[in-house]
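Novice: Handing you this structure, nothing more for now.
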Amino acid sequence: MALQRGDAMIATAPPAARWLLIESANAWPRQALGALQPAPEEPAVSSEVARRCGELGYRPVLIRRHGRVDRAAVRRYALVDCRPGHESVRWGELPTDAYLLNVLEAVATNSLNALPDLQPPTQEPIYLVCTHGRHDACCAVRGRPVAAALAGAYPDRTWECSHIGGDRFAGNVVVLPHALFYGQVPPSRAVEVAKHHAEGRVVPDLLRGSGIYPPAVQAAQHYARLAGHSDSLTALRPTQVQQLANQHYKVTLTTTSATAVVIEVSVHFDTVDARLTCAGKAPVQVRRFDLHGIDVVGG
């Protein structure tokens with residue numbers, strides 16, 4: 001539906017600076033954490049994981065391999081940090097779902113090294129593809145072919161995942177640890193996203209934004225790339241964000257040279273008298289960013 005309407009994906013990446021990935025072979029209900037299995041000593045695992053993740057600023061997401069799941073295999077979890085300069089992934093073994101509470105306690109007390117199973121940090125990318133059909137059918141219908149394409153090329157890096165936001169833009173792909181959200185990815189271009197990332201570049205026409213930045217910065221980065229500025233992962237980082245009157249923002253971004261680019265955008269909310277997703281309701285409001293100016297300074 002969003003594709004037919006031509007909905008803009010600009011600046012639609014949700015906040016996602018830190019992640020807790022939880023491997024789960026159980027069926028995922030609409031609220032994914034409901035799939036976590038309680039333990040006698042901790043019957044409310046799902047709600048407690050959600051509460052602690054909220055307090056710590058982590059986004060909990062269920063993951064599973066594409067295709068047949070080996071239920072006898074040891075499950076894993078991962079702690080992902082997407083903050084610029086801190087990008088890392090740390091994997092560990094997950095004996096029970098209740099063990100997640102130990103992991104989150106170690107996060108809260110800054111004692112991760114006390115977790116015997118936790119591996120050293122790596123920057124090896126992870127490709128998450130939303131296939132959470134019980135949250136929205138479009139995610140399963142459009143996401144699974146994308147997951148199949150990525151898993152065929154990168155089986156160790158590809159995971160199906162639970163809801164990540166933006167169901168109307170399925171197939172949705174997130175590249176960690178840079179928190180890059182891609183939308184409306186067709187299976188024919190899934191591997192392209194991964195290859196560009198390996199080269200240190202983004203794919204601008206499929207990019208919804210980076211979850212480490214607020215929407216105004218995501219919009220500024222989009223318009224800077226549209227104007228011909230770098231598609232490098234490390235370029236176009238914000239050095240200043242000014243909120244002006246009338247919902248205008250002035251964002252200063254770094255470039256690959258000695259210059260900077262200053263983007264002015266404004267935010268508006270449009271009413272759409274249609275369902276945005278298969279499970280959505282109408283009418284709804286959608287956010288839109290308009291460009292008002294681009295200036296190159298310095299150099």
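The values are calculated or read from the model by the stated rules, or taken from the named source; none is laboratory data. Please read all numbers here as calculations on a predicted model, not as lab measurements. As a convention, Cβ positions derive from the backbone with ideal geometry for all residues, glycine included, and neighbour counts pool all protein chains shown.
Novice: Hey, does region 44-58 have a residue that's over 28 Å from TYR213 (Cβ atoms) and part of a loop (DSSP other than H, G, I, E, B)?
Specialist: Yes; the residues of region 44-58 include at least one that is over 28 Å from TYR213 (Cβ atoms) and part of a loop (DSSP other than H, G, I, E, B).
Novice: Give me the pairs, please: first residue somewhere in region 34-54 and touching a residue at least 12 places away in the same chain (Cβ under 8 Å) and among the charged types (D, E, K, R), second residue anywhere and buried (at least 17 other Cβ atoms within 10 Å of the Cβ) and not in a loop (DSSP other than H, G, I, E, B), beta-carbon distance under 6 Å, and either six or more positions apart or on two chains.
Specialist: Filtered contacts from region 34-54: ARG52/LEU104.
Novice: Hydrophobic (A, V, I, L, M, F, W, C) and under 18 Å from the mean Cα position of the chain (by Cα): which single residue out of VAL80, VAL69 fits that description?
Specialist: Matching residue, one of VAL80, VAL69: VAL80.
A quick yes/no check of all residues on (1) at pLDDT below 95; (2) buried (at least 16 other Cβ atoms within 10 Å of the Cβ); (3) under 28 Å from ARG157 (Cβ atoms):
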position: LEU206; (1), (2), (3): no, yes, yes
position: GLY211; (1), (2), (3): no, yes, yes
position: GLN242; (1), (2), (3): no, no, no
position: THR256; (1), (2), (3): yes, no, yes
position: ALA279; (1), (2), (3): yes, no, no
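Novice: Only one residue in VAL251, VAL267 is closer than 13 Å to VAL217 by Cα, touching a helix residue (DSSP H, G or I) at 6+ places or on another chain (Cβ under 8 Å), assigned to a strand (DSSP E or B) and modelled with pLDDT under 95. Which one?
Specialist: So the residue among VAL251, VAL267 that is closer than 13 Å to VAL217 by Cα, touching a helix residue (DSSP H, G or I) at 6+ places or on another chain (Cβ under 8 Å), assigned to a strand (DSSP E or B) and modelled with pLDDT under 95 is VAL267.
Novice: Please identify the pairs in which a residue from region 184-200 that is at pLDDT 95 or above has its Cβ atom under 8 Å from the Cβ atom of a residue that is of a type in the set (Gly, Ala, Ser) and not in a helix (DSSP H, G or I), counting only partners at least 6 apart or on another chain.
Specialist: GLN184/ALA170; GLN184/GLY171; VAL185/GLY171; PRO186/GLY171; PRO187/GLY171; ALA190/GLY171; GLY200/SER232
Condition check ((1) touching a helix residue (DSSP H, G or I) at 6+ places or on another chain (Cβ under 8 Å); (2) outside the structural domain of GLY200 (by TED's automatic domain parsing); (3) in contact (Cβ under 8 Å) with a residue 24 or more places away in the chain; (4) under 17 Å from ALA35 (Cα atoms)) across all residues:
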site	(1), (2), (3), (4)
GLY92	yes, yes, yes, no
PRO95	no, yes, no, yes
THR131	yes, no, yes, yes
CYS138	yes, no, yes, no
ARG144	no, no, yes, no
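Novice: For region 94-138, how many residues are part of a helix (DSSP H, G or I), modelled with pLDDT under 95 and surrounded by 20 or more Cβ atoms within 10 Å (Cβ to Cβ)?
Specialist: Here the count works out to 1.
Novice: Within region 149-167, how many residues turn out to be assigned to a helix (DSSP H, G or I) and buried (at least 17 other Cβ atoms within 10 Å of the Cβ)?
Specialist: The number of residues fulfilling the criteria is 4.
Novice: I've got another one for you. Which of (1) touching a residue at least 60 places away in the same chain (Cβ under 8 Å); (2) farther than 20 Å from GLN218 by Cβ; (3) part of a loop (DSSP other than H, G, I, E, B); (4) out of contact with any Lys or Arg (no Cβ under 6 Å at 6 or more places or on another chain) does ALA73 not meet, given it meets every other one?
Specialist: Going through (1) touching a residue at least 60 places away in the same chain (Cβ under 8 Å); (2) farther than 20 Å from GLN218 by Cβ; (3) part of a loop (DSSP other than H, G, I, E, B); (4) out of contact with any Lys or Arg (no Cβ under 6 Å at 6 or more places or on another chain) one by one, ALA73 breaks only (1).
Novice: Okay, moving on. Looking at (1) buried (at least 18 other Cβ atoms within 10 Å of the Cβ); (2) under 28 Å from GLY293 (Cβ atoms); (3) in contact with a His (Cβ under 8 Å, 6 or more places away or on another chain); (4) not aromatic (Phe, Trp, Tyr), can you tell me which one VAL217 breaks?
Specialist: (3)
Novice: Name every residue in region 166-187 that is among the polar types (S, T, N, Q) and under 14 Å from HIS132 (Cβ atoms), in order of residue number.
Specialist: The one that is among the polar types (S, T, N, Q) and under 14 Å from HIS132 (Cβ atoms): ASN172.
Novice: Criterion first (assigned to a helix (DSSP H, G or I) and crowded, with 21+ Cβ neighbours inside 10 Å) does LEU21 satisfy it?
Specialist: no
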